[in-house]
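One structure below.
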Amino acid sequence: MTIKVAPHIADLVPYPPGKPLEELEREYGITGSIKLASNENALGPSPRAVAAIAAALSNLHRYPDGSCYYLGQALACRLEVDPRRLVFGNGSNEIIGLLAAAFLSAGDEVLTSHPTFLVYQNVVQAQGGINRVVPLTGMRHDLAAMAGQVNDRTRMIFLDNPNNPTGTVFTTAEFEDFLARLPARVIVVLDEAYVDFVEPELRLDARRYLDGEVPVVALRTFSKAYGLAGLRVGYGLMHEDLASYLHRVRQPFNVNSPAQIGALAALEDEEHYRQTLETTWREKERLRQALAKLGCLTFASQANFFLIDVGGDGKVLYEHLLRQGVIVRPMQAYGYPRYIRITPGRPEENDRFLRSLEQSLKELAYGR
Ligand SMILES: *Cc1c(COP(=O)(O)O)cnc(C)c1O
């Protein structure tokens, strides 16, 4: 087909589409596989969210509330912010796209780290923006180096805190020093997808920076701690002027009604939330100790995932584990060929992962 497309679109690399679990199982002749690859909630969705959605299904013929009124009220109350500062999206990924659509013009530059969440650079490129990439230092965002890369064309900076895939965080003091070095035309996007898992004393309070000279937009999601990745709900917290621009570019019904209802119920399910954090921290620690005994180096993380240096080719190990029905994330696409990333599952799943890993490491004769 001869269709004309701009080079910046033709050059985009689609997000690697993982096969459905059922297809993988059929292909590899396995059943009952466990997925520790995508930073999802090991405990599943909040049962209260599931019940609330089930009870509302007979209203599916109605368009959703385009303003996300009830979810917005509940969240604004929880966060102690004006609801006009919240913009909801079809996952926080949509907000990333809306920010680019609203604030980037062709030729604008955007700073991101490497490795970090792969979505930022794709969205920038799709918008005709130019990515400038600053390597992590010691697995952490190098805020000083990033501030040093800012020039007249820099328009936006994406920072995930904790960073995916390394799980590292920066401190309040580091962030404030960084902001102080930026010109006011830059928007800082602080992606807090994993903020729930961060130890309280290490958490930034993004609300303090929304009205600063350099505007900060915080992104949060119901996909991780709230266990609703399949529903697709996330939001941005920002100055209401910025919010008003995102509302101009978003579709009127961008968050579907089950998503609004489920997110609201999950927000009120404090028991599920608490159990999620407890299980994550307990299992993360247990896994790290067990992995050390297997001779694997692990990296401390403030998120619900962490990196493992497997002492050999991570992609080969990934395939080896897959044949045993254990799905992890290889890291070569992020520039870490010897690493895998795992999200702790439930205790019995983690035991199975450890048994399979031990077996695989032996068979592959990996070692450090
Ligand atoms: C998982 C993740 C998100 C969440 O995206 P949703 O679209 O809300 O599911 C956002 N940012 C990072 C860095 C993530 O890893």
Out of Val198, Val217, sole residue that is within 22 Å of Trp281 (Cα to Cα), more than 11 Å from the ligand (Cβ to nearest atom), at pLDDT 95 or above and open to solvent by less than 10 Å² (accessible area, probe 1.4 Å): Val198
What about Gly227, is it within 11 Å of the ligand (Cβ to nearest atom) and surrounded by 21 or more Cβ atoms within 10 Å (Cβ to Cβ)? no
Can you tell me which residue is farthest from the ligand (Cβ to nearest atom) among those in the stretch 151-168 that are open to solvent by 10 Å² or more (accessible area, probe 1.4 Å) and charged (D, E, K, R)? Asp152
Would you check if Ala243 is more than 16 Å from the ligand (Cβ to nearest atom), out of contact with any Ser or Thr (no Cβ under 6 Å at 6 or more places or on another chain), touching a residue at least 12 places away in the same chain (Cβ under 8 Å) and within 24 Å of Arg207 (Cβ to Cβ)? yes
Mind checking which pairs have a first residue in the stretch 8-31 that is within 21 Å of Pro330 (Cα to Cα) and a second that is assigned to a loop (DSSP other than H, G, I, E, B) and modelled with pLDDT under 85, Cβ under 8 Å, 6 or more apart or different chains? Glu27/Lys19
Taking only pairs six or more apart or across chains, which ones have beta-carbon atoms under 9 Å, a first residue in the stretch 184-209 that is small (Gly, Ala, Ser), and a second residue that is part of a helix (DSSP H, G or I)? Ala193/Ser92; Ala206/Val195
Do you know which residues across the stretch 301-336 are touching a strand residue (DSSP E or B) at 6+ places or on another chain (Cβ under 7 Å), part of a helix (DSSP H, G or I) and free of Cβ contacts under 8 Å to residues at least 24 places away in the same chain? Lys315, Tyr318
Restricting to the stretch 244-261, name every residue that is more than 21 Å from the chain's Cα centre (by Cα) and over 30 Å from Arg48 (Cα atoms). Ser244, Tyr245, Arg248, Val249
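Taking the conditions exactly as written (surrounded by fewer than 23 Cβ atoms within 10 Å (Cβ to Cβ) and away from the ligand (no atom under 14 Å from the Cβ)), does Val119 satisfy them or not?
On the way: surrounded by fewer than 23 Cβ atoms within 10 Å (Cβ to Cβ): yes; away from the ligand (no atom under 14 Å from the Cβ): no.
Here the answer is no, as Val119 does not meet what is asked.
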List pairs: first residue in the stretch 51-67 and under 20 Å from Glu268 (Cα atoms) and surrounded by 11 or more Cβ atoms within 10 Å (Cβ to Cβ), second residue of a type outside the set (A, V, I, L, M, F, W, C) and modelled with pLDDT of 95 or more anywhere in the structure, Cβ distance under 7 angstrom, at least six positions apart or on different chains. Ala52/Gly262; Ile53/Pro258; Ile53/Gly262; Ala56/Ser257; Ala56/Pro258; Asp65/Gln260
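Only one of Asn163, Asn151 is within 21 Å of Thr280 (Cβ to Cβ) and of a type in the set (S, T, N, Q); which?
Numbers: Asn151 fails: within 21 Å of Thr280 (Cβ to Cβ).
After applying the criteria, what remains is Asn163.
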Being in contact with a helix residue (DSSP H, G or I) (Cβ under 8 Å, 6 or more places away or on another chain) and charged (D, E, K, R) is the filter; apply it to the stretch 242-289 and report the residue that is farthest from Glu358 (Cα to Cα). Arg248
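The values are calculated or read from the model by the stated rules, or taken from the named source; none is laboratory data. Quick caveat, the model's predicted, so the values are computed rather than measured. Cβ sites come from the backbone with ideal geometry, for glycine too, and all protein chains shown count toward neighbours. Note: areas computed on protein heavy atoms with side chains; ligands, DNA, RNA excluded. Shrake-Rupley method; radii C 1.70, N 1.55, O 1.52, S 1.80 Å.
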